[in-house]
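Colleague: Have a look at the structure that comes next, please.
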Amino acid sequence: MSTQVIVYILTVLAAVVIVLTRLRLGKDHGGAGRFQVGRRLLDVHTTAGVGALVVWVVFLVADEGTPLGSPTTGIVALALWWIVVVAGLLILVRWLPSHGRHASGAAEDTWSEGPGLSVLAHVGMFVGVCVFTWAYLTSTV
């Protein structure tokens with residue numbers, strides 16, 4: 001399988017992670033986990049994610065000779081992807097175990113039991129953005 005096909009597949013999966021994170025945590029009760037995720041962190045994740053997705057897709061489909069296919073467009077897209085990764089990993093903090101007298105158990109939702117889905121999505125996003133960065137640096141995209 002070529003690098004370009006892998007990048008396209010990972011781009012679609014990244015879009016799914018962005019949308020599902022918003023759907024899962026955008027509700028009034030804030031989704032599952034031990035801690036509530038702040039609305040601003042979720043907004044950063046969603047806004048940077050949509051921006052990264054749009055700029056990245058434009059970069060992928062634009063011709064190299066045009067301004068939209070320039071290396072600067074790729075760098076902007078990668079910077080936005082890395083913001084998404086950092087925000088996503090910070091969202092995972094809601095699953096950290098809490099100890100103490102006033103600690104509460106983890107809230108559950110209908111999506112999954114425990115942090116498995118969140119870990120898969122956000123660690124997968126990290127790996128995907130590492131692949132995007134590698135593909136960009138080696139000029140295989």
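Nothing in this text is a laboratory measurement; each read-out follows from the coordinates by a stated rule. Everything quoted here is computed from the prediction, not taken from an experiment. With ideal geometry, Cβ positions are generated from the backbone for all residues, glycine too; neighbour counts draw on all protein chains shown.
Colleague: As a footprinting exposure proxy, order M1, M125 by other Cβ within 10 Å, with the fewest listed first.
Modeller: M1, M125
Colleague: So, one more: Return V123, V44, V129 ranked ascending by Cβ neighbour count within 10 Å, so the fewest neighbours appear first. Please list the in-between numbers first.
Modeller: Values: V123 14, V44 18, V129 23.
By the 10 Å Cβ count, ascending: V123, V44, V129.
Colleague: Exposure proxy check: R39, R22 ranked by fewest other beta carbons within 10 Å? Intermediate values should be presented prior to the final figure.
Modeller: On the way: R39 11, R22 16.
Fewest-to-most Cβ neighbours within 10 Å comes out as R39, R22.
Colleague: Rounded to whole Hz and in sequence order, give me ³J(HN,Hα) for region 9-26 from the Karplus expression 6.51 cos²θ - 1.76 cosθ + 1.60, θ = phi - 60°, writing x for Gly and Pro.
Modeller: Whole-Hz 3J(HN,Hα) from phi for region 9-26: 5, 5, 5, 5, 5, 5, 4, 4, 4, 4, 5, 5, 4, 5, 5, 6, 9, x.
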